Structure formats: C-alpha cells, structure tokens
Amino acid sequence: MNEAHSPRPKKLTIIKPTTGRGILATSTEIWPYRSALYRMLLRDLRARYRHTAFGFTWALVSPMIWLLVYSFFFGYLVRFPSDGWPYPLFAITGIVVWTFLSRATLEGAQCLINNTHIISKIYFPRIILPLNQSVMAFTDFVISLALLVPVLLYYDIIPSARVLYLPLILTLAFFMALGAATWFSALNARYRDIGLALPLAVQVWLFCSPVFYSMSIVPESYRDYYSLNPVVGVLQSFRWALGNDTFAPTLPMMLSSITFSLALFISAMFYFHRAQRRLVDTL
Amino acid sequence: MTNWMIKSEALGKQYTLHRNATGTSPLAAAADGIRAIFKGKKTPAPAKEKLWAVRDVTFEISEGERVALIGANGSGKSTLLKLLSRVTEPTEGQALIRGRVNSLLEVGTGFHPDLSGRENIFLNASLLGMSRDETHRKFDMIVAFAGISRFLDEAVKHYSSGMQLRLAFSVAAHVESDILLLDEVLAVGDLVFQDQCQNKIAEIADAGTTIVFVSHALSSVAELCNRAMIFEQGHIVEDKPVKQAISHYIERARGIEGGCRQAVHYGAPETAPGNHVVRLRSVSVLQNNKPVEKAVLLNRDIEIEIIYGNLVPDSKLRVCLLISDHLGNDVFITDNIYTAKREDMVALSPQETGFYRSLCCIPAGLLNDIKYFVTLLIYDHGDVRHLLAQNVVSFDVKDDTDYSKHLVHFPADYCIRVPGTVRQNLSWHTEKAENL
C-alpha cells in the first residue's frame, strides 16, 4: 500500500496570507477536485430524495403545485393577461425559471454554513460548495423542464427553431444563479442577517418580475425601467425561445441581464476569494 | 537540511475575540449606529481584542520525520495543524509544503448522516483528494480496517459513534500522502481501536510518510514520534528529540524546570495540603538519613519521609505514595498498610492527635536512572481521602557505578541509557539443558 512513495515530483504548496491576486489560482484549483464536486453533488441529490416515496419526482411537485395555484387564482379567477398564451403555459414557463433562480440563491446562501463540519476539517477549494449548490438547483431545473412538454402538447404549441437558443438562455440563468449563490454563501457566513433577510428579498423580487403576470400590466411609460430588472430578460427570452413573441427580448433588456450576470459572477469570484480566508474563523 | 518537507517561516495566526459573532464588521457597526439613534445614546465601541494563537513559528521538518506537537490546551498546536492543512489561513509568515498533505483534524470528518457508509467513503475520499481509481482500489482495505463490512449500506446516522470514528480514521489512513497531519486521533475510541490506530500510524510512518502529530497521550507520543516541539502560548519553546522534550514538558508543567524539588516544607498549616483531619507538614527524599541535595544514587536505598499532623483523636490514617516516571507513567503505588516486612502498627491502630512521621523505603536497585515524581495521598480506613499532594516532590536517580570495574558491561543496545522505568536485578538461573 505504499506505492505512494514511488518517485514522483512533489508538488510545492505555499501557505501564506491571501493577497488580492490568486483569484485565478482559486478557479484553476477546481479541476483537481472535480471528483469531489461530483461526489458532493451525488451526496446532496441522494440525501435530498432518499427516504422519500416519490424520489426525483419531487423536483416536479413544487412547480406543479404552483402551476395549479397560479392558474386557479390568477388565470381563472383574476384573469391576468398572459401574452397571448394560455395562462397555464405562461405561468409554468415563469415558474420553472423562477424556482431555479430563487432556489439557487436561497439554498446557495446556506451552503457554507451547512457544511461547516467539513470546512473546518478538510481543505478543499471552498468554491466547490456554492458551485455544487447551483449545479444541483440547475439539475432540478432541467428535470422540471419536462413539465413543459405535456403543457405545450396540450395547447398544441410546437416551438420553432428558436428553441435552439435555449442552451444560451440557460447558461445565462446559470451564471446569474451561480453568482448569487457564491455572493450570498460568503456573505451569510459572515453576517447571518443575510440568511434571514434573503427569503423576504426573494419574495419581493418575485413580485417585481413577470413570473405570474404579464409585462402588459406594467404601464408603458415604466416598461423600459422595468426591463432593467435582470430577471425580466431571462424570463422573456425563455418564453420567446418557446415561441411567444408578445414581449420579445429587447436589446436593453438582454444587455441588462447579461451585464448583471457577468458582473455578479465576476464580483462574486473576487469577494469569495477574499472571504474564504476568514471563513473558518467566522463560521 | 535540504530535504525538508515542511518549512515554516515566522508563521502566525491572529484571531479577533468578538464580543458577539459580528463584533467588528462594518455591518454590525452600522447596526450599532442605528440602534444608538433609536436609543438616543451612543454605545461605546466594543474593544477589539486580538489574540495570536500562533506566532513566530519557524521550523523545518525533513522527510520521514515523525514530529509531535505537545503543550497545554490552547497553546497553538491545533491551530498550527489547521494552518499546515490549509483549513485556515495564516495572518503572517509563510509555510512551504512539499508533496501531498493528508490531515485528520479531530475525527468524524464530514460524513453525511443520511448516506450509506459506502457513499460516505467515496465522498470523504474525494474530499481528501483521492482519485476514483485509488478509492476503488483501496475500498476493501478501508472497509476491512474499519470493520464495518456488515453495515456498509446502512445510513451512517445509524452507526454508533465508535463506528463512525473507525470509518473516518480508516479513510484518512488509506489516502496516499507524503505528509500526514493528525490531531488527537487517539483520544477517542476503544482500546482495541486505539491500538489499531497506533499500529496503522506506525505502519504509515515506517513507509516514510512524514507525520505531524498532536496528542496529550504522552506515552503514545513517545512511542510514535522521534521529535517533539513544545508549544507555549503560540510559540515553540523547545524542539528536541522526543523523550527529552517530553520530560522537559513535564518539568515545565510542574514548575521544576531543569531540576527537582527533593523536599517541601509547609510553614503555615492553613496553606498546607489537607483538611480538618490531616495537614501535611513536609515531604522529603532522604538517602543515608540525610536530605538529598542533588541526585539520589541508584545502588542505595531511598527513603521518603512524610511528616503530617493528625487533628482528630482516634483517626486511622493510611499514607500512600504514587511514584511516576519522567514520561508521566505510573510506576507503582505503595502504602503503610500493605508493607514488606511487618505491619506498620501505628497505621493500623487509632492515632492520637499530634505530628506523625512516616518513612517509606524504596530498596536500592529498584529504580532506574531517570527522574521520578512522588504523589502523596492520605486516606482513613473508611477509604475517605483527606489529602492529595500531586507530584509533591521529585528526584533524579543517578547511576554512579563504575562499570569499568565490572566483569561485563551493559549491552550496546541499551544505548546511552538503560531503558525502562524500573531496573530491578531479578533472580536468574541458567543451566545447560540436557535430554531435549
């Protein structure tokens, strides 16, 4: 069992206080730990659905319930406009995207705190944790996309070739989620206030985004400002890719989303790099 | 030395002692400000207290060395291991590490309670940097060492704490690494497991892995390590071969650095050890009826004299001595009830009030030439302890035998010193065995 000592070049590690640079090192460190990331993902997915009767179908249950609730109250009773689509289809497209973004943010914010027992005992690139949380929320998102298929079929809507834009839109959403998860995980480790304030903020944000109502109810003079909400770009481009042209993504809308995602992601990397040095001491 | 594996240069770690969890953050300061506005008064800013858990720590550890870190609780040993394993980051200085580091900082590393033992092995191994292939290759060995094969597919939350521990140790012990950092791994687990751990660590060490080991179990430190660093308040105060370091550590801890306290006299009875039944007056180490000044000689009887006052009429007091060696091991216990030749009549009968003098004779040739510590206990016949004076006196035994006059020397294998906590000449008989 001691083939460990066959001659092989020994890696030199330098342990010293973090400086501003080294952020590149933080990112490149992920690769050697890819199997840890994979195992952690497996761990969380299994742990989540273990001892549940329906297993993975739970990823579908929550959007399905919201679909029923929204369709009954806002579609059937209040009769919100839905951009020319049947209301349930409009709602489900909003719900799956929103569920992904909000879950990545909320669960991401807890990921460092929930793994204190590992962080305080083993060294590994800490960025793996928010990354893992985002990938997990993304996995559930992809599973929940399956919900769209019966709804689209039911309403006889066949998406055009624009559906090929979906991967790009999903990538955009992923980086937004990853940026938020990374930021809030590090912030929450330091200020537990974040964990308490965030659910509230996420709920408020839901009302500021066209998830269960159409942009058409926003007064026209405010619509340009409204479109600056980066989530609007993700939601509307997602609907557009599935064939809804009513509020097709505009350039400012998409620029806002893309700029926001990139800025959030890059600043998150910087902040996380700085924050991880005192992580163990504050957790 | 050029073949160092760990090289620490003025490494330091500072902690801020918070009054509350967010004490020094700007956000907390802002929150305090807001609170102050509402209360209409200014709250004084909390004093930020800084603590250097480790400071100015400089050393080199070469390949294959087995180094123990010893010292009181909170002296910085564990913090140093956390720095070397990169779990936390230094505030100043730097450390260079050559090769792959594996660490076991307190057992129970990151198991997920809902996952099975098998899944946790893979997760834990991957976090420790073991590749998939390596884990597959070692899997059976890990399971066998932990002895959990029957429960492999049970959720870890159903394991006993001992089983979790075995599994965690087993995974960590099977990671191939150049440097192994261990913190108090032997402090937990049953006896069988402790032995198993110790053997495994020895095996890893024999294979050439450099080991840094934190433990309060001085006897296992002495057995496993060849070098020890003593920590005091975040600094390394001594860095020596292990046995020397341990005996110095014990001396430092007992405040008799570099020497012995062969006699102790208590002037004021109120401050002397004891209670309303008995008070200690003095304890001294004697040889040839004279107080010992330097060291006692190996080949003469040693006497320990205890003078105590009995404050209650008709109490039956029993005097015990516990002798321990320079590594903290108990050597023997003796008392004045079960004695060698005839009964100690005074000890057996009710005693009047007044001073008493008990003398215990340790026969020549029983002790080895090392340092011994004497702990005194006085009980009554109902087994109630009235007095405990831990390590009240100590003495060095010196071997002044001129071996050049002897026919035969000690074998060279005995090294510089004759090993052992005692050195008794026993009766032997050797004859030529016929008809075998």
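The values are calculated or read from the model by the stated rules, or taken from the named source; none is laboratory data. Keep in mind it's a predicted model, so treat the numbers as computed, not measured. Because the Cβ atoms are built from the backbone with ideal geometry, glycine has one as well, and the counts that use them run over all protein chains shown. Heavy atoms of the whole protein, side chains included, go into the accessibility calculation; ligands, DNA and RNA do not. Shrake-Rupley method; radii C 1.70, N 1.55, O 1.52, S 1.80 Å.
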Quiz item: What do you reckon, is B:GLU270 over 19 Å from the mean Cα position of the chain (by Cα), among the acidic types (Asp, Glu) and over 25 Å from B:GLY147 (Cα atoms)?
Solution: yes
Exercise. Give the residue, chosen from B:GLY234, B:GLY274, that is touching a Lys or Arg at 6+ places or on another chain (Cβ under 6 Å), surrounded by 13 or more Cβ atoms within 10 Å (Cβ to Cβ) and at positive phi.
Key: B:GLY234
Quiz item: Considering A:PHE80, A:PHE138, A:PHE90, A:PHE73, which residue is over 30 Å from B:THR79 (Cα atoms), under 11 Å from the mean Cα position of the chain (by Cα) and of a type in the set (Phe, Trp, Tyr)?
Solution: A:PHE138
Practice problem: Under 6 Å between Cβ atoms, at least 6 apart or on separate chains: pull out the pairs that start in the stretch A:114-128 with a residue that is more than 7 Å from chain B (Cβ to nearest Cβ) and free of Cβ contacts under 8 Å to residues at least 40 places away in the same chain and end on any residue that is of a type outside the set (A, V, I, L, M, F, W, C) and surrounded by fewer than 20 Cβ atoms within 10 Å (Cβ to Cβ). | Solution: none
Quiz item: Of these, B:ALA202, B:ALA168, which one is within 28 Å of B:GLU65 (Cα to Cα) and surrounded by 23 or more Cβ atoms within 10 Å (Cβ to Cβ)?
Solution: B:ALA168
Self-check item: One residue from B:LEU127, B:LEU180 being closer than 25 Å to B:ALA95 by Cα and without any contact (Cβ under 8 Å) to a residue 24 or more places away in the chain
Solution: B:LEU127
Quiz item: Restricting attention to the stretch B:123-139, and to residues there that are open to solvent by 10 Å² or more (accessible area, probe 1.4 Å) and under 34 Å from the mean Cα position of the chain (by Cα), which single residue is farthest from the other protein chains (Cβ to nearest Cβ)?
Solution: B:PHE139
Quiz prompt | Number of positions in the stretch B:78-120 that are open to solvent by less than 10 Å² (accessible area, probe 1.4 Å) and more than 10 Å from chain A (Cβ to nearest Cβ) | solution = 3
Quiz item: Going through the stretch B:330-382 one residue at a time, which ones are open to solvent by 50 Å² or more (accessible area, probe 1.4 Å) and at pLDDT below 85?
Solution: B:TYR338, B:THR339, B:ALA340, B:LYS341, B:ARG342, B:GLU343, B:ASP344, B:MET345, B:VAL346, B:LEU348, B:HIS381, B:GLY382
Quiz item: Which residue, of B:LEU388, B:LEU298, B:LEU280, B:LEU327, is in contact with a Phe, Trp or Tyr (Cβ under 6 Å, 6 or more places away or on another chain) and touching a residue at least 60 places away in the same chain (Cβ under 8 Å)?
Solution: B:LEU280
Quiz item: Among the listed residues B:GLU303, B:GLU293, which satisfies the condition of being closer than 28 Å to B:ALA268 by Cβ, of a type in the set (Asp, Glu) and either at pLDDT 90 or above or open to solvent by less than 50 Å² (accessible area, probe 1.4 Å) (or both)?
Solution: B:GLU303
Quiz item: Across the stretch A:212-262, what is the number of residues that are more than 21 Å from A:VAL163 (Cα to Cα) and open to solvent by 30 Å² or more (accessible area, probe 1.4 Å)?
Solution: 15
Quiz prompt | Residue ID - most open to solvent (accessible area, probe 1.4 Å), chosen from residues in the stretch B:48-71 that are more than 17 Å from B:ASP239 (Cβ to Cβ) and away from chain A (no Cβ under 13 Å) | solution = B:LYS48
Self-check item: Residues located in the stretch A:234-262, provided they are in a helix (DSSP H, G or I) and in contact (Cβ under 8 Å) with a residue 60 or more places away in the chain
Solution: A:VAL234, A:LEU235, A:SER237, A:PHE238, A:ARG239, A:TRP240, A:ALA241, A:SER257, A:ILE258, A:PHE260, A:SER261, A:LEU262
Quiz item: Does the stretch B:393-405 contain any residue that is modelled with pLDDT of 85 or more and either assigned to a loop (DSSP other than H, G, I, E, B) or at positive phi (or both)?
Solution: no
Practice problem: Evaluate the stretch A:193-209: report whether one residue or more is of a type outside the set (Asp, Glu), within 14 Å of chain B (Cβ to nearest Cβ) and open to solvent by 60 Å² or more (accessible area, probe 1.4 Å). | Solution: yes
